Amino acid sequence: MVEGFFDNNKDEKKIERNYGNFQCNKYYYGLGGIKNEEYPMGTLFTLCHFENLCMNQKGEFILPILEDSQPLPTSMHRDNPFVYAQGRFETKRGNIMIKFIDDYITTEYLNEEEKNKLYARDVLKDSNNMKTVKSFFSKEENKKKFRFSENFTYLSDPVFSLYRYAAGNVGHLLLENLNIVMQLMINFLPKIKNYSLNNLNHLELNTKLDILLNNHILFLEDLHDLKIQDNWIASYHYNLFQSDKFSNDVFSLVTKKPILQKCRNEKGNFFISTLPCRNAQLTEEQEDKINIDNDNNIKKENVIDICFKNFFIGMSSSNFLSGYGKEHIYTLMRDLMYKKLNIKPLPNSIDEEKLHILFKKPIHIAIHKKSINSRHGEIIWNVDELTEYLRSNLESEFLPKYKYLKDKELIIESISLDSMTLEEQVKYFSNVDIYISDQGSASYISLVMRDFTYLIMAPICFYQQKRCDRGFTKVLTAYNNVNVLSYLDLYGAVTDCNKRILPYAPGNCDPILNPQALFRAIKGMLKTRYAPLIKYY
């Protein structure tokens, strides 16, 4: 976009031209990692930043860009998806198509105050409608094919957009949905004027995070509309209302703005509203009429409902299966959550503030008690026994031996994440020193734990093969805030388990952990975790 390009006369309205543009990166072959998936070869790019991208009432993305301003290969105009924007490569549902129009968007205003009002259209007028801008228009000769609706909105803050994947599961939301936003934020935001490193580097972390929270999240589907091909992937058979709730809970932790969603009304027109909104359920006759109208009016004007000053979209690879080489994503994710929830001190605060926390807080060990009704099994079978054994032995045989620990409060408890909101989980785990978790999504919340803490992962066991495996421990070792250890590394390759056959996991055998082995390991972890206090006693 060419900012500040004016047609000026002193006593007349100023006209600012806003051109579309894009900056993308591309992968040509396999991504590597645990699962050697290839990026879809028909997709032109991997991650993209668009300037002045628009959406018409057909739900299509339109980029007003002058044909002679940037060379565009023929393949970019028609049939090839620009990027893929779903949390994991599965079906063509995540394909994003872009249409180009030889045009530009212009704005009229008399002075800077009026200009600022035009570009500050991010505030919602009510729960369903955005504030309207009526001062935008396109090139005169193109008005028949490109005009703005009466409810046209221009979003000037950054917009991060995606199709959801398995949104009924918090682990998938964090590492196959939210990870996309973090990747886009890191890749492209520093190139934008107000977010550039030159502008942010001199600021304190607290201020930087406050600026980064000033963004929009846009979901591209109504996950309740199962008439749309492959739309079940959005929830992945989890409860639909739970999927919407979890989506809002997770993404609200990285933005100050309400979460947005693409929807369709009873006329078949697409629009942007706040999450959740529902597609109008049209009859087959109504759908056929809309399709016929669209087929017969290929050259009819594009009615534009919304344009985005900075629009980010795409997908690199799933962090759920492999986080290698992307540790910076976890760091930014945790820092934004701490800032949004006002958790102090921030993770990157000075050492004195971190020491102050160690002085004040109790020693805190949490053991996850997964529901016995979990579809995948893999629960830690003897959680209650572990809790009692660790509490009794730490209080009697460990803490009294150390001057800097003997007077500290000790909390050892079993917890169920199902009974906690995500906000409650983030606040809770910001104070946990050692977390003992089963396999699966419950372990992924350790990404919000503070530096120099510990995660002990129970194994995944298979009764037919009579063996246990590290499972997702191999993924979580990529975290750079918490020390991740497999129980098998503490106790050896053989462990006991409780055979319990389940529909989704016919070979399930719930691991039984050895209390003595955990006690030996935890003693060393606590001495290391609280070692900075020694010199103050």
- Message: Restricting to segment 225-239, give me the number of residues that are crowded, with 16+ Cβ neighbours inside 10 Å and among the aromatic types (Phe, Trp, Tyr).
- Response: 2
- Among the residues of segment 420-466, write down those that are in a loop (DSSP other than H, G, I, E, B), among the hydrophobic types (A, V, I, L, M, F, W, C), under 23 Å from the mean Cα position of the chain (by Cα) and over 19 Å from Pro345 (Cα atoms). Met420
- Item | Subset of segment 377-410 [loosely packed, with under 15 Cβ neighbours inside 10 Å, touching a residue at least 40 places away in the same chain (Cβ under 8 Å) and in contact with a Pro (Cβ under 6 Å, 6 or more places away or on another chain)] | Glu409
- Message: Checking the structure you have, find out if any residue of segment 362-376 is surrounded by fewer than 20 Cβ atoms within 10 Å (Cβ to Cβ) and under 19 Å from Ile211 (Cβ atoms).
- Response: no
- Kindly indicate the residue of segment 412-442 that is of a type in the set (Ser, Thr, Tyr) and in contact with a helix residue (DSSP H, G or I) (Cβ under 7 Å, 6 or more places away or on another chain) and also surrounded by the most Cβ atoms within 10 Å (Cβ to Cβ) among those meeting that condition. Ser437
- Task: Looking only at segment 197-214, decide whether some residue is touching a Leu at 6+ places or on another chain (Cβ under 9 Å), at pLDDT below 75 and either under 15 Å from Ala85 (Cβ atoms) or open to solvent by 10 Å² or more (accessible area, probe 1.4 Å) (or both).
- Result: yes
- Flagged in segment 463-476 as open to solvent by 70 Å² or more (accessible area, probe 1.4 Å) and within 13 Å of Gln439 (Cα to Cα), in numbering order, are Arg470, Lys474
- Within segment 372-396, tally of residues that are assigned to a helix (DSSP H, G or I) and either at pLDDT below 95 or of a type outside the set (Gly, Ala, Ser) (or both): 13
- Note on the structure: Only one of (1) surrounded by 17 or more Cβ atoms within 10 Å (Cβ to Cβ); (2) touching a residue at least 40 places away in the same chain (Cβ under 8 Å); (3) under 23 Å from Tyr338 (Cβ atoms) does not apply to Leu455, and that is (2)
- Residue in segment 485-492 that is open to solvent by 80 Å² or more (accessible area, probe 1.4 Å), in contact with a Phe, Trp or Tyr (Cβ under 8 Å, 6 or more places away or on another chain) and free of Cβ contacts under 8 Å to residues at least 60 places away in the same chain present: no
- Message: Being over 26 Å from Lys401 (Cα atoms) and in a loop (DSSP other than H, G, I, E, B) is the requirement here; does Pro511 meet it?
- Response: no
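The values are calculated or read from the model by the stated rules, or taken from the named source; none is laboratory data. Remember, predicted model here, so these are calculated numbers, not experimental data. We place every Cβ from the backbone using ideal geometry, glycine too, and count neighbours over all the protein chains shown. Each accessible area value is taken on the protein alone, full model and side chains, heavy atoms only, with ligands, DNA and RNA left out. Shrake-Rupley method; radii C 1.70, N 1.55, O 1.52, S 1.80 Å.
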